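The values are calculated or read from the model by the stated rules, or taken from the named source; none is laboratory data. Note that this is a predicted model, so its numbers are computed, not measured. Here the Cβ positions follow ideal geometry from the backbone for every residue, glycine too, while neighbour counts run over all protein chains shown. For the accessible areas, the whole protein counts, side chains as well, though only heavy atoms, and no ligand, DNA or RNA atoms are used. Shrake-Rupley method; radii C 1.70, N 1.55, O 1.52, S 1.80 Å.
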Amino acid sequence: ISIIPIIIYSFRSLSDKGYILSKPIGVLINAFLVWILTSLNILNFSQSSIYLSLIILTLFSITIIFKQKDYLLKFLKSKWKLIITFEFLFLISFFIFLIIRSLNPDLWHPFRGGEKPMDLAYLNAMVKSTVMPPYDPWFAGGFLNYYYFGQFIVAMLIKATAIEVRTAYNLAIPLFFALTFTGAFSIGYNLAEYTISSRNKFKVG
């Protein structure tokens, strides 16, 4: 929510103003800010650093709201049905994949788990680490030099919400599915709207 005004104004050339993309972009930007602060040892990886990042983004959004109040209100009034549709699609896709995940929530089964035990070990390391890079769960005294930003995003959400790690892992999978599904829908919607508007301009011309 803290980044929606920024996204709507930044993607104003799109038909949906990038509204649905505010979810994945918001998570990515917030995670990047927290990661930078903790990687530079400015702050520890904690709820405080996460909330500070949210406050910074919120202040930027408030600035946009004051400067572009009329534009934002016009968007909400004209696109409120589209916004409800996007939110509905996000929730439906999330809960559908949550049901699928609930049919096999095991994080250890060697045949169905795949790399999940390794992923869970990395995720635990993220959550327990206070600075970045996190400690290596497979090498005592070492630091993780494996690409880990995906796990870091989930670890940030875990730190912010205090959800138990194994439960959060099974919630993160449908979350990423919902973000991907609605993001693809947004791209398709904007391409379709662009095609229709281009044809109409061509006919008028």
Where a ≥ b ≥ c are root eigenvalues of the Cα gyration tensor, a/c under 1.5 meaning rounded, otherwise prolate if a/b exceeds b/c and oblate otherwise, the stretch 113-172 counts as oblate
Farthest towards the positive end of the dipole of the stretch 68-191, among N145, N170, G114 and with Cβ unit charges of +1 on Lys and Arg and -1 on Asp and Glu, lies the Cα of N170
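Taking the mean number of other Cβ atoms within 10 Å as a proxy for protection, how do you rank 18-24, 31-37 from highest to lowest? Don't skip to the end; give the middle numbers.
Details: 18-24: 22.1, 31-37: 18.7.
For the peptides 18-24, 31-37, the packing ranking is 18-24, 31-37.
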With +1 on the Cβ of every Lys and Arg and -1 on the Cβ of every Asp and Glu, the dipole magnitude of the chain about its Cα centre, in debye rounded to the nearest 20, is 940 debye
For R12, R199, the accessible-area ranking with a 1.4 Å probe, largest leading, is R199, R12
Computed over the stretch 92-205, the distribution of all Cα-Cα distances in 10 Å bins, rounded to whole %, is 12, 32, 26, 14, 9, 6, 1
Residues other than W80 with Cβ under 15 Å of its Cβ, Lys/Arg counted +1 and Asp/Glu -1, net out at +3
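Could you pull out the pairs from K23/K77; K74/K159; K79/K159; K69/K159; K69/K128; K81/K159 whose alpha carbons sit more than 30 Å apart here? Mind dumping the intermediate values first?
Numbers: K23/K77 20 Å; K74/K159 36 Å; K79/K159 34 Å; K69/K159 33 Å; K69/K128 42 Å; K81/K159 34 Å.
Too far apart for the 30 Å limit: K74/K159; K79/K159; K69/K159; K69/K128; K81/K159.
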Amide H contacts under 5 Å for F143, restricted to residues at least 5 apart in sequence or on another chain and with H modeled in the peptide plane, are D136
Among [x] 16.0, 47; [y] 19.9, 69; [z] 18.6, 58, the value of Rg and Dmax of the Cα atoms in Å computed for this structure carries the label [y]
